[in-house]
Amino acid sequence: MTRRWRRALTHEGRILAMALVAGLPGTLVALALLWVGDYTTRLQWTLTCVILLFWASFSFAVREAVAHPLRALSNFLAALREGDYSMRARGARSDDALGLAMLEVNALGKTLREQRLGALEATVLLRRVMAEIDAAVFAFDAERRLRLVNRGGERLLGQPAERLLGRTASALGISGCLEGDSPRTLDVEFPGASGRWEIRLSEFRQGGLPHQLLVLIDVSKTLRDHERQAWQRLVRVLGHEINNSLAPIQSLAGSLQSLLLREARPADLEDDLRQGLAVIAGRAEALGRFMTSYARLARLPRPRLEPLAVEHWVRRLVELETRLDVEVLPGPPVQVRADGDQLEQLLINVLGNAVDAALETGGGVRVGWSAADGHLELRIEDDGPGISDTANLFVPFFTTKASGSGIGLALSRQIAEAHGGTLTLESRRAGRGAEAKLRLPL
Ligand code: ADP
């Protein structure tokens, strides 16, 4: 019964009913006493009117006192919902139930205002970044219609965004970029530009629907720069090495010739000739050796992968190193799939360098390995002088040693990369010396 009442009446109606019920017994008793008592009819009617008026008007006043702040509160919340954050609820105070609600609502408004401002600023920043970057950015919806394009994208397709948005990827001629691996590089010709592009594809959801984000980066210039730098370095080192052999050959040939042209031939002419020719032969041979190692570097065969136990491989090569006792640090018993001959060559080079460096300072060499994230990490640590210039270390033929070839590190890195791994060499952070790090997939 009461529940049905409750449902039938509004909140205000219920408050009014309760106020009326609260005043009802007092009113009834007062009226009964008034009408039973011995009063003039005029007084009876006047007091009846006064009692009823007070009863009704205060009941209505109670209803308003409850309903009014609630109405104000809902107006305020509606304004917030519509994004108007300029309003403030009045009567906020912490020592009063209604005031507390107003206080919280004001705090909510402030938080929403700050969040909205943050989101707006982030959007402006994103727009600015999108406009400024050289890369072309496109976003496609589930039907492969273009939903977003930046200035780089407009340049690439040679048309303003208004003409591009809403058209399908195939109509725009870039549907090929939305398939295949990512990232990858591709030679493509677009209406606005052509060259070599790095293509990056990723997915995101908007409104619960899958979208594709396509980013195209022009790598032609970067690649050309890298190629040019590589050639320049190579030519520099080759030139240096060839000159080292050619200059003595040239000057010796010149002086031997002038000896032969002299009228009075010196007594030890034969000795001079023999010595000079020996030096020329030696230099020519060195040049030959240099060319052989160059060919080895340029024509590294594909690795033949077989299981290789890391500990066995390390210990065997450490034993081959007779100039110094290399310490082998304990490591986990792991196996890699690798070309045994090539990895042997790699470790001989790197270990040889470490021992060369350690012998310079009278320090030691340590080899250790660990396995994590599906990779083997082998570290070769020495107490040598460390590395001052890391820029040229892996450049073919770069060497600081009198009898060095400068091939070791370049070849070792090629071997590591052919196995899907990496090889780095840098000065140790803690202590003196260098640390070579070889990472190979397990
Ligand atoms: P090479 O040993 O014939 O000089 P590499 O390519 O193996 O050729 O090494 C190139 C150069 O890198 C060396 O000449 C040396 O200057 C430097 N290097 C290599 N390993 C180390 C190391 N452990 N400590 C210091 N320098 C090193």
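When residues of region 369-382 are filtered for being assigned to a strand (DSSP E or B), away from the ligand (no atom under 14 Å from the Cβ) and out of contact with any helix residue (DSSP H, G or I) (no Cβ under 9 Å at 6 or more places or on another chain), how many remain?
Residues flagged as assigned to a strand (DSSP E or B), away from the ligand (no atom under 14 Å from the Cβ) and out of contact with any helix residue (DSSP H, G or I) (no Cβ under 9 Å at 6 or more places or on another chain) within region 369-382 amount to 4.
Given the criterion under 23 Å from Val326 (Cβ atoms), more than 25 Å from the chain's Cα centre (by Cα) and more than 6 Å from the ligand (Cβ to nearest atom), identify the matching residue among Ser427, Ser388.
Ser427
Restricting attention to region 348-357, which residues are closer than 10 Å to Gly384 by Cβ and either without any contact (Cβ under 8 Å) to a residue 12 or more places away in the chain or near the ligand (Cβ under 8 Å from one of its atoms) (or both)?
Hits for region 348-357 are Asn353, Ala354, Asp356, Ala357.
Criterion first (of a type in the set (D, E, K, R) and near the ligand (Cβ under 9 Å from one of its atoms)) does Glu360 satisfy it?
yes
From the list Asp134, Asp141, Asp95, which residue is in contact with a His (Cβ under 7 Å, 6 or more places away or on another chain) and farther than 28 Å from Gly23 by Cβ?
Asp141 is the lone residue from the list that is in contact with a His (Cβ under 7 Å, 6 or more places away or on another chain) and farther than 28 Å from Gly23 by Cβ.
Considering region 316-335 alone, what residues qualify as being over 21 Å from Asp383 (Cβ atoms) and either loosely packed, with under 12 Cβ neighbours inside 10 Å or basic (Lys, Arg) (or both)?
Arg316, Pro332, Pro333 - these are the residues of region 316-335 that are over 21 Å from Asp383 (Cβ atoms) and either loosely packed, with under 12 Cβ neighbours inside 10 Å or basic (Lys, Arg) (or both).
Consider only pairs whose beta carbons are under 9 Å apart and that are at least six residues apart or on different chains; among these, list those whose first residue lies in region 43-70 and is without any contact (Cβ under 8 Å) to a residue 24 or more places away in the chain and whose second residue is among the hydroxyl-bearing types (Ser, Thr, Tyr) and surrounded by 15 or more Cβ atoms within 10 Å (Cβ to Cβ).
Here the result reads Phe54/Thr27, each pair linking region 43-70 to a residue that is among the hydroxyl-bearing types (Ser, Thr, Tyr) and surrounded by 15 or more Cβ atoms within 10 Å (Cβ to Cβ).
Which ranges mark the helices (runs of 4 or more DSSP H) fully within region 87-185 that have 2 or more residues being in contact (Cβ under 8 Å) with a residue 24 or more places away in the chain and aliphatic (A, V, I, L, M)?
The qualifying helices (runs of 4 or more DSSP H) are 97-132, 151-157, 169-172.
State which residue is nearest to Glu327 (Cα to Cα) when the search covers only region 357-370 and only residues that are surrounded by fewer than 17 Cβ atoms within 10 Å (Cβ to Cβ) and of a type outside the set (Ser, Thr, Tyr).
Checking each candidate, the answer is Gly368.
Checking the structure you have, find out if any residue of region 277-290 is exposed (fewer than 12 other Cβ atoms within 10 Å of the Cβ), not in a helix (DSSP H, G or I) and not aromatic (Phe, Trp, Tyr).
Among the residues of region 277-290, not one is exposed (fewer than 12 other Cβ atoms within 10 Å of the Cβ), not in a helix (DSSP H, G or I) and not aromatic (Phe, Trp, Tyr), which makes the answer no.
Would you call Val334 more than 9 Å from the ligand (Cβ to nearest atom), hydrophobic (A, V, I, L, M, F, W, C) and within 32 Å of the chain's Cα centre (by Cα)?
yes
Just so you know, all these numbers are worked out from the coordinates, no wet-lab data involved. None of these values were measured; they are calculated from a predicted model. Neighbour counts run over all protein chains shown; Cβ positions are idealised from the backbone, glycine included.
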